[in-house]
Amino acid sequence: MADLLANLNDRQLAAVTLPPQHALILAGAGSGKTRVLTTRIAWLLATGQVGPAGILAVTFTNKSAREMVTRLTAMLPLDARRIWIGTFHGLCNRMLRAHHQDAGLPASFQILDSQDQLGAVKRVLRALNVDDEKYPPRQVQWFINNAKEQGLRASSLEAPTAYDQRMAELYAAYDEQCRREGVVDFAELLLRSFELLQAQPALCNHYQSRFRHLLVDEFQDTNTLQYRWIRLLAGPGAAVFAVGDDDQSIYAFRGANVGNMAAFERDFQTPNLIRLEQNYRSFGHILDCANELIQRNANRLGKQLWTEAGVGEPVRVREALSDQDEAQWIVEEVRSLVRDGWMRADIALLYRSNAQSRVLEHALFAAGMPYRVYGGLRFFERAEIKHALAYLRLIENPADDGAFLRVVNFPTRGIGARSIEQLQDAARARGCSLYEAAKAMGGRLAAFVALMDALQNDSLRLELPELVEQVTERSQLLAHYTAERDGEERIDNLRELVNAAIAFLGDPPAEDSDAPLSLLAAFLAHASLESGENQAGEGTDALQLMTVHSAKGLEFNAVFVTGLEEGLFPHENSANEPSGLEEERRLMYVAMTRARQRLYLSFAQTRLLHGQTRYHLRSRFIDELPDGALKWLTPRNGLRATREGWGGAWESGGNAWRTKGTQQAAQQGAAGVWSGGYGSDGRTAASGAPFRIGQTLKHAKFGEGVVVAYEGTGSDARVQINFGAAGLKWLALAVAKLEPYPDK
DNA sequence: CTGAGAATGATTTTT
DNA sequence: TCATTCTCAG
């Protein structure tokens with residue numbers, strides 16, 4: 001016991017040993033959040049206050065759920081599978097499997113991932129002859145998920161406009177299709193579980209009295225439905241231990257509601273609120289920057305990170321001439337770090353949006369520097385894997401039309417669009433599944449039915465891995481990719497799927513139901529809920545490239561936050577959203593607090609974006625940091641305009657440079673501007689205009705403004721000027737009357 | 001069915 | 001710019 005609690009600081013210890021009451025733990029970045037959460041569970045168990053069955057711990061990612069289990073089993077000897085630890089979706093799946101009948105689901109219901117869901121939506125639209133110009137599938141999908149995350153069914157939606165009315169109808173039709181096919185989407189897992197508990201008081205009571213302690217990780221990321229699910233499950237008697245950091249709430253765009261933290265304090269009348277503010281990750285200067293930045297946000301619950309580690313190195317800031325120059329400099333800097341003994345794997349390059357990785361990758365590749373990019377397709381999302389899984393899904397559930405359509409003609413077996421249309425008509429007329437309808441058809445469809453029947457037979461006598469192998473062979477998937485030029489990797493992946501099946505057999509999920517689920521169905525659920533690893537190559541010492549979002553929860557000895565430019569970070573689109581800027585600032589806070597020892601912030605004067613050279617001001621976030629903690633590697637006042645009066649431009653919509661019909665910026669023109677380097681005059685020589693970026697000008701109507709960007713040559717030349725309150729304007733040099741204004 | 005060329009649209013992402 | 005999706009001719 002003493003062992004368990006050793007090395008906790010006072011606050012951590014207080015949190016871990018709280019009485020069985022509701023508690024809100026405000027855990028700052030690097031304050032030992034996961035440690036507190038897992039030690040709390042271990043302490044509850046070790047003191048005999050509760051048994052493993054009385055605990056429910058919920059996270060957002062499989063990764064953090066796994067980490068919790070690993071740490072917990074290291075602290076205590078126990079069968080972690082008896083504890084309900086998992087993601088919201090994983091736990092809801094577990095509950096629905098156990099009570100599928102009460103929930104109105106078939107025993108082996110399958111789970112649609114976002115891709116599958118989009119496909120399902122498209123089919124609904126086609127079946128109902130909906131104009132997908134007016135109702136784009138993605139938008140319909142978003143509408144459905146959004147409604148579900150609010151806990152709303154189609155029937156309970158308010159539909160004030162004809163459009164909303166139609167959307168609600170599509171939602172209803174989609175749900176009906178899912179029911180027919182025996183599938184559920186991600187949001188449905190949660191909503192169905194919630195509705196199950198609501199509709200079955202006895203069952204609800206059972207779980208309420210069983211789970212004495214609910215522990216929620218990353219509470220700031222919960223959405224409305226998740227919050228209500230927790231509240232329902234807690235009932236009157238359980239203690240909810242919510243851990244989160246409102247300053248790290250960066251997922252509002254996918255439904256997360258930071259307001260849930262304040263709501264929790266209110267609804268649960270939380271008697272315990274503990275702040276974990278001591279940071280064990282970063283040195284002082286880095287934390288000073290983070291604190292100073294984040295305190296500009298309003299409506300915080302309030303927190304101030306501190307460390308015993310000393311101030312450490314100042315935060316390095318550098319202005320680059322261009323995105324390429326930025327990348328080049330990073331390569332050099334990383335090289336020198338590596339020469340000094342730093343590990344590449346301990347260095348991260350962070351960016352706001354994925355498009356920015358290209359330039360960085362290009363420079364790294366040219367320099368022969370090993371790197372690894374996070375994000376992109378994961379294992380279970382790859383096309384070849386989805387194909388193989390679709391065959392397996394169809395074996396398990398012949399009513400799964402989505403799976404049927406995916407593989408009926410892949411690899412191609414001469415079943416064209418019109419035979420499929422005929423088939424769909426027949427199925428609709430008879431009110432049966434495509435597979436059922438195909439049984440009545442002759443020719444090539446009959447051959448496909450025969451194939452599936454054979455595979456179904458295989459499934460009865462073969463072990464799961466053998467079945468997977470058999471499917472890839474008999475379906476001709478392997479043959480198809482063997483014939484393809486670049487099919488080698490895909491074949492490797494298909495073999496890897498067999499390995500995944502073997503691994504799954506070695507560690508099957510816990511069962512709470514009397515009627516055990518078929519291993520195949522369980523494997524398919526596993527594949528949907530665990531999208532798999534992002535990328536291989538874990539072993540090599542490679543530089544880490546990722547978006548700031550994916551860096552959340554990680555830490556590195558050195559971190560480069562790149563592209564710190566207005567419009568990019570903070571992103572221009574965030575200006576349109578309420579409190580969008582505050583979320584961007586939190587994102588910056590997350591980015592900076594990833595660094596242990598050394599933090600670099602960089603921005604570029606010009607950047608090639610969507611095929612256009614764009615000129616950005618440096619991010620306001622840099623200017624929000626305390627001077628004393630910074631070390632400028634380039635002159636602080638570079639070639640830049642001072643950013644006075646910029647707020648106005650931001651509020652005015654920030655989209656001004658998107659004006660239609662602008663001429664492409666001439667590369668040479670841009671080069672002309674910057675060729676002089678730092679401190680040069682940098683006149684827009686190509687156009688002959690006597691202005692430079694950053695110069696203050698006067699306009700007869702709009703008043704004083706700052707030149708922000710420049711585009712075109714000769715008589716097409718235009719400048720973009722920020723007039724503060726009057727906003728951002730593009731003005732043609734040939735027309736506009738602009739007077740130079742003495743620099744401040 | 002396939003492949004070429006046009007059109008499109010482009011934060012952030014887990015389950 | 002560029003990757004993906006769509007459309008149409010062969």
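At-a-glance table
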quantity: Answer residue from region A:398-417, given it is farther than 17 Å from A:Q456 by Cα and among the aliphatic types (A, V, I, L, M) and is surrounded by the fewest Cβ atoms within 10 Å (Cβ to Cβ) among those; calculated: A:A417
quantity: Where A:T472 falls short, out of the listed (1) open to solvent by 60 Å² or more (accessible area, probe 1.4 Å); (2) touching a residue at least 24 places away in the same chain (Cβ under 8 Å); (3) more than 30 Å from A:H100 (Cα to Cα); calculated: (1)
quantity: Residue list for region A:347-372, filter: surrounded by 20 or more Cβ atoms within 10 Å (Cβ to Cβ) and more than 10 Å from DNA strand B (Cβ to nearest atom); calculated: A:I347, A:A348, A:L349, A:L350, A:V359, A:L360, A:A363, A:L364, A:Y371
quantity: Top-ranked residue of region A:67-117 - restricted to ones that are more than 15 Å from A:L529 (Cα to Cα), outside any helix (DSSP H, G or I) and open to solvent by less than 40 Å² (accessible area, probe 1.4 Å), ranked as farthest from DNA strand B (Cβ to nearest atom); calculated: A:L76
quantity: Which numbered condition A:V559 misses (of (1) in a strand (DSSP E or B); (2) open to solvent by less than 10 Å² (accessible area, probe 1.4 Å); (3) within 13 Å of DNA strand B (Cβ to nearest atom)); calculated: (3)
quantity: Test: residue in region A:521-538 that is under 21 Å from the mean Cα position of the chain (by Cα), at pLDDT 95 or above and assigned to a loop (DSSP other than H, G, I, E, B); calculated: no
quantity: Residues satisfying the stated conditions in region A:147-171, i.e. part of a helix (DSSP H, G or I) and open to solvent by 50 Å² or more (accessible area, probe 1.4 Å); calculated: A:S155, A:S156, A:A162, A:Y163, A:Q165, A:R166, A:E169
quantity: Residues (in a helix (DSSP H, G or I) and either within 29 Å of the chain's Cα centre (by Cα) or not β-branched (V, I, T) (or both)) located in region A:474-490; calculated: A:R474, A:L477, A:L478, A:A479, A:H480, A:Y481, A:A483, A:E488, A:E489, A:R490
quantity: Residue within region A:38-59 that is within 10 Å of A:L276 (Cα to Cα), crowded, with 16+ Cβ neighbours inside 10 Å and of a type in the set (D, E, K, R) present; calculated: no
quantity: Output for region A:262-285, where each listed residue is more than 22 Å from A:T17 (Cβ to Cβ), outside any loop (DSSP other than H, G, I, E, B) and under 25 Å from the mean Cα position of the chain (by Cα); calculated: A:A262, A:A263
quantity: Pairs where the first residue, in region A:412-439, is within 13 Å of DNA strand B (Cβ to nearest atom) and the second is open to solvent by 30 Å² or more (accessible area, probe 1.4 Å) and among the hydrophobic types (A, V, I, L, M, F, W, C), C-beta under 6 Å, 6+ apart; calculated: none
quantity: Boolean, A:E133 is without any contact (Cβ under 8 Å) to a residue 12 or more places away in the chain and not in a helix (DSSP H, G or I); calculated: yes
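Quick grid of which residues meet (1) more than 16 Å from DNA strand C (Cβ to nearest atom); (2) acidic (D, E); (3) in contact with a Ser or Thr (Cβ under 7 Å, 6 or more places away or on another chain):
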residue	(1), (2), (3)
A:E577	yes, yes, no
A:R585	yes, no, no
A:M588	yes, no, no
A:A595	yes, no, yes
A:L601	yes, no, no
A:G611	no, no, no
A:F621	yes, no, no
A:D627	yes, yes, no
A:L633	yes, no, no
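Okay, residues lined up against (1) within 16 Å of DNA strand C (Cβ to nearest atom); (2) open to solvent by 60 Å² or more (accessible area, probe 1.4 Å); (3) under 32 Å from the mean Cα position of the chain (by Cα):
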{"site": "A:E396", "(1), (2), (3)": "no, no, yes"}
{"site": "A:E421", "(1), (2), (3)": "yes, yes, no"}
{"site": "A:E436", "(1), (2), (3)": "no, yes, no"}
{"site": "A:L445", "(1), (2), (3)": "no, no, no"}
{"site": "A:R461", "(1), (2), (3)": "no, yes, no"}
{"site": "A:D492", "(1), (2), (3)": "no, yes, yes"}
{"site": "A:E496", "(1), (2), (3)": "no, yes, yes"}
{"site": "A:I502", "(1), (2), (3)": "no, yes, yes"}
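The values are calculated or read from the model by the stated rules, or taken from the named source; none is laboratory data. Computed from a prediction, not measured in an experiment: that's the story for all the values here. Cβ: placed from backbone, ideal geometry, glycine included. Neighbour counts: every protein chain shown. Calculation scope for accessible area: heavy atoms of the full protein, side chains included, ligands and nucleic acids excluded. Shrake-Rupley method; radii C 1.70, N 1.55, O 1.52, S 1.80 Å.
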